[in-house]
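Working notes, structure below.
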Amino acid sequence: MIKHPEFSYKPDDSEREKASNSYLMSLIAIMVGVPLPVANLLATGIFYLGNRKGPYFTRWHCTQAMLSQVTIFVVNVITVGWTLSIVFGSGELANTYIAWVITAMLINLTEFVMTIYTAIVTRKGRHVEWWFWGPLTNAVCKP
Amino acid sequence: MKKPLLQLFLSILVIAGIWYGLSRIDFLGETTTESIGRETEKKLGELLLKQLELQHPRSANDSLLSVIENIHRELCDSNGVDPESIDIHLFDSSVINAAVIPGRNIIIFTGLLDYTENADEFAGVLAHELAHITENHVMERLQREFGITLLMTLSGMDAGTEIISNVLRILTTTAYSRQHEREADEKAFEYMVETGWDPAHLANFLLRISTKTRDGVTAPQWIQTHPDPRDRAAAIIEKSNKLSLDEDAFRPVSDSDWQSLVSQ
């Protein structure tokens with residue numbers, strides 16, 4: 001799930017702090033983000049835009065944090081949409097819905113734990129690449 | 001770019017697997033109907049039939065019952081259902097309704113037949129009720145409403161008791177869940193098509209019965225206990241338009257014969 005490859009250079013303290021903050025940003029957003037999935041994306045997106053011209057280490061981690069939030073956003077939008085269709089629309093409470101809610105909670109929980117871990121580790125200057133999002137970030141974020 | 005795509009594919013596979021695995025868990029207690037046992041279900045059905053007989057006389061129109069049984073047989077034979085495993089009961093009553101009771105029994109009130117224009121429309125209604133049986137909706141619903149223990153106790157009671165009347169009232173005057181009704185409509189559509197009958201007849205019946213007023217009754221019971229008939233009819237017609245049905249398919253009885261049978 002998580003790898004620690006060597007980064008191309010040793011980031012300075014300011015870069016580490018901003019890289020770590022990009023994860024903390026999505027962490028704060030998670031608290032609000034469960035009922036309002038767009039909050040996650042907005043918070044991380046704004047932080048990404050603020051640092052898109054920053055040093056490579058910071059940019060790289062802001063991108064990874066933002067891409068992960070896009071994925072979580074999709075999961076949470078499905079969950080909220082499905083819930084609203086049950087409460088206000090023609091949707092019906094079924095085993096498949098409950099199973100999805102538990103799955104979505106597991107995905108959110110996994111992402112939450114990974115985010116905390118990565119925020120701590122990047123603050124110490126270690127590079128962290130997540131499953132799927134790491135290679136994807138490498139593909140879209142160049143030095 | 002290959003690596004992230006591969007990892008995305010694997011992630012989706014794992015998430016779908018977790019979701020599927022969790023959805024097999026019966027969180028809502030919907031799939032425990034087998035545990036009540038066929039014998040108990042049969043006993044409960046017999047009790048409810050006795051209760052019905054206390055309220056409505058059985059129809060003496062044997063010719064009509066024979067045609068209904070032919071339609072039932074044709075539907076069952078074309079869809080791999082054993083017709084002998086299901087009993088049809090026709091009651092003389094102005095109540096415009098048809099329903100399923102435990103023990104694989106379909107009850108039909110003559111009031112509903114008066115509303116049909118031809119045998120094909122009735123076949124649509126019968127296919128819908130048949131689907132409630134094959135999909136085991138009745139026992140799922142009763143178990144949700146009453147619980148297994150109470151149902152087991154009920155099967156040892158006598159007809160005429162208040163609680164038996166209550167079970168009968170629920171089965172004949174209240175709706176199944178929307179999911180069950182949708183499933184029964186979809187299955188009825190399949191049954192009609194497999195038998196070579198146009199499912200649009202069911203849609204026609206739904207549309208007509210939803211707007212028709214007769215004897216001051218604006219909403220027949222069979223409609224009150226089901227979701228909006230216009231939506232259901234629209235869904236059936238949409239699917240029917242894509243069908244090409246055999247014009248020479250078996251028809252149990254002509255429209256005029258049906259009308260004269262029903263009015264006897």
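Bear in mind that the values in this text are calculations on the coordinates, not laboratory data. For clarity, every value in this text was computed on a predicted model and none was experimentally measured. All Cβ positions, glycine included, derive from the backbone under ideal geometry; neighbour counts span all protein chains shown.
Report the local net charge at A:Leu27: Lys and Arg +1, Asp and Glu -1, summed over other residues whose C-beta lies under 14 Å from its C-beta. With Lys, Arg at +1 and Asp, Glu at -1, the neighbours total 0.
Look at the dipole of the protein assembly as shown built from charges on Cβ: of A:Trp100, B:Ser59, B:Thr173, the Cα furthest out on the positive end belongs to A:Trp100.
Each Lys or Arg adds one and each Asp or Glu takes one away; over the other residues whose Cβ falls under 12 Å from the Cβ of A:Tyr117, this sums to +2.
Counting only whole DSSP H helices of chain A, the ones at least 24 Å long by C-alpha along their axis and with mean Kyte-Doolittle hydropathy no lower than -0.5 are A:13-33, A:56-87, A:95-123. For the stretch A:12-129, the Cα gyration tensor yields ellipsoid semi-axes of 32, 14, 9 Å (square root of five times each eigenvalue, largest first, whole Å).
Cβ-to-Cβ counts within 10 Å put B:Thr195, A:Thr115, B:Thr153, B:Thr211 in ascending order as B:Thr211, B:Thr153, B:Thr195, A:Thr115, the fewest first.
Fewest neighbouring Cβ atoms within 10 Å first, the residues B:Tyr176, B:Tyr115, B:Tyr20 line up as B:Tyr20, B:Tyr115, B:Tyr176. The order of B:Asp198, B:Asp257, going from fewest to most other C-beta atoms within 10 Å of their C-beta, is B:Asp257, B:Asp198. In nm, to one decimal, how far is the B:Ala60 label point from the B:Glu145 one, both placed 7 Å along Cα→Cβ? If labels sit at B:Ala60 and B:Glu145, their model points lie 3.2 nm apart. Per-residue 3J(HN,Hα) values for the stretch B:100-115, derived from phi via the Karplus relation 6.51 cos²θ - 1.76 cosθ + 1.60 with θ = phi - 60°, read 10, 10, x, x, 6, 10, 10, 10, 10, 9, 4, x, 6, 5, 4, 7 Hz in sequence order (x marks Gly and Pro).
For the listed residue pairs A:Lys18/A:Lys124; B:Lys187/B:Lys242; A:Lys124/B:Lys3; A:Lys18/B:Lys2, the alpha carbons are over 21 angstrom apart in A:Lys124/B:Lys3; A:Lys18/B:Lys2.
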